[in-house]
Amino acid sequence: MTRVHDMGGRFGDGPVVPEPQGMVPFAKPWHREALALTLAAGALGQWSIDRSRHVRECLSPEDYTRFSYYEIWLAALAGLLVEKGLVSREELAAGKAEPGAPHPRIFRPAAVGPSLARGTPYTRISNVAPAFAPGDRVRTRLPARNTLVAGGHTRLPAYAAGHVGTVILSHGAHVFPDANAHGLGESPEPLYTVAFDAGDLWGEAERAGDEVTLDLWQSYLEPA
Amino acid sequence: MPHDDHDHPHSLLPSDPALRVKALETILVAKGLVDPAAMAVILETYETKVGPHLGARVVARAWADPRFRALLLKNANAAMAELGVTGRQGEHVVAVENTPGTHNMVVCTLCSCYPWPLLGIPPAWYKSDAYRARAVREPRKVLAEFGVTLPEGQKVRVWDSTAEVRYLVVPMRPEGTEGMDEAALATLVTRDSMIGTGLPLAP
């Protein structure tokens, strides 16, 4: 139904500790390498952002909780590399590998700037007609779950499952993570921003009238 | 398929994370899967080129130029492109404007989605369990931890970034800034004011 990453609304995490602004973005030297390695390996094009999110989410709750953020990234990177057959368990255990010829899609320095500046758009042409428009009232699926793969990836957080909100933005069709994370194709469908009353979500809002919005795919929603 | 083998490959790597990243890098470079020179360019990009100063330029332009502000709120990527701001994790940006009636605040409860081309790499607190868990339920308590108290009558709208849409908060232009040019205005626009956990500096 849900996994350890799905923590919106959870009690007990203690205060948020802001850092001074203008600080360098990496607290420790190895954080820099973890980010650069993850991006460089991702540029091989062997997995989607949805797959990489799912592999992070599939860490055991114990590991996910004790790991710092970039440790989660590294653990998922190791998982993805083994899953795709790019690196073996034996190589991970040895901490080394026999030299190999460069991968045909190896990320070269000259490609980095243009690639990062271009990004990867997620909008697609879709044959799924929009069912909703701004102003419509919609109800989210209950429970939050992937209906294609048991225990699979979904972007409907548990805290917003089974609630009624109002569509406020329509984004066109986007790649559908619930399918794409599992190699089932991009299956694009309409994406909306839906606003929920905080009092409805939590039973009691900090202040009446506060709202929470989420970006939700059409198949998470039904008319309300 | 889900990935519940409980025999995760990461457990084969050294337990010290600094050694873990080094071991992975050694393997990937040896196998021709990663070029360390590309890693250096990635880091140069996010340590020296892409950061919150770019988002600040966009906000300052919106404060100074009504045409730009209207475009930013209608089609943020088109407005950003006028200033050369594009890229990864900012392919689909929506700019949300603070008003006397509404204060906007951005979170990603499921992971760490963040508008990289505008704000750079997210700070650790943005990715922390505490922020991810609490921003949606008790945004005003979280704001207080940033030293921010909202006026009576201003509602909070928290944007949980659950898709590939990225949100930029456009804070309200501070009073006393009439006559300031765009470059001077940009110095008032903090990173946190564009996430919604802070307010712009006073002139």
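The values are calculated or read from the model by the stated rules, or taken from the named source; none is laboratory data. A quick note: this is a predicted structure, and the numbers were derived from the prediction, not measured. Note: ideal-geometry Cβ built from the backbone for every residue, glycine included; neighbour counts use all protein chains shown. In case anyone asks, the SASA skips ligands and DNA or RNA and just uses the protein heavy atoms, side chains included. Shrake-Rupley method; radii C 1.70, N 1.55, O 1.52, S 1.80 Å.
Taking the listed residues A:Ala150, A:Ala198, the one that is over 22 Å from A:Tyr122 (Cβ atoms) and buried (at least 24 other Cβ atoms within 10 Å of the Cβ) is A:Ala198, with no other qualifying. Scanning segment B:128-137 for residues that are open to solvent by less than 30 Å² (accessible area, probe 1.4 Å) and closer than 16 Å to A:Pro157 by Cβ returns B:Tyr131, B:Arg132, B:Ala133, B:Arg134, B:Ala135, B:Val136.
The set of residues in segment A:38-53 that are touching a residue at least 60 places away in the same chain (Cβ under 8 Å) and either part of a loop (DSSP other than H, G, I, E, B) or more than 7 Å from every other protein chain (Cβ to nearest Cβ) (or both) comprises A:Ala43, A:Leu44, A:Gly45, A:Ser48, A:Ile49, A:Asp50, A:Arg51.
Test A:Arg139 against the criterion of being of a type outside the set (Phe, Trp, Tyr), in contact with a strand residue (DSSP E or B) (Cβ under 6 Å, 6 or more places away or on another chain) and more than 7 Å from chain B (Cβ to nearest Cβ), and give yes or no. When the stated conditions are applied, A:Arg139 passes them.
With respect to (1) facing chain A (nearest Cβ under 7 Å); (2) part of a loop (DSSP other than H, G, I, E, B); (3) of a type in the set (S, T, N, Q), the lone exception for B:Thr26 is condition (2).
Please enumerate the residues belonging to segment B:8-26 that are in contact with a helix residue (DSSP H, G or I) (Cβ under 7 Å, 6 or more places away or on another chain) and among the acidic types (Asp, Glu). Even if it seems obvious, please write down each step before you answer.
Here is the first cut: in segment B:8-26, the residues in contact with a helix residue (DSSP H, G or I) (Cβ under 7 Å, 6 or more places away or on another chain) are B:8-10, B:12-14, B:17-18, B:20-21, B:24-25.
Result: B:Glu25, single match.
Flag not set for B:Thr99, criterion: among the β-branched types (Val, Ile, Thr) and under 15 Å from the mean Cα position of the chain (by Cα). Within segment B:112-129, restricting attention to residues that are without any contact (Cβ under 8 Å) to a residue 12 or more places away in the chain and facing chain A (nearest Cβ under 7 Å), the residue that is farthest from the chain's Cα centre (by Cα) is B:Asp129.
Against the numbered list (1) under 25 Å from A:His171 (Cα atoms); (2) in a helix (DSSP H, G or I); (3) open to solvent by less than 10 Å² (accessible area, probe 1.4 Å), B:Ala81 comes up short only at (3).
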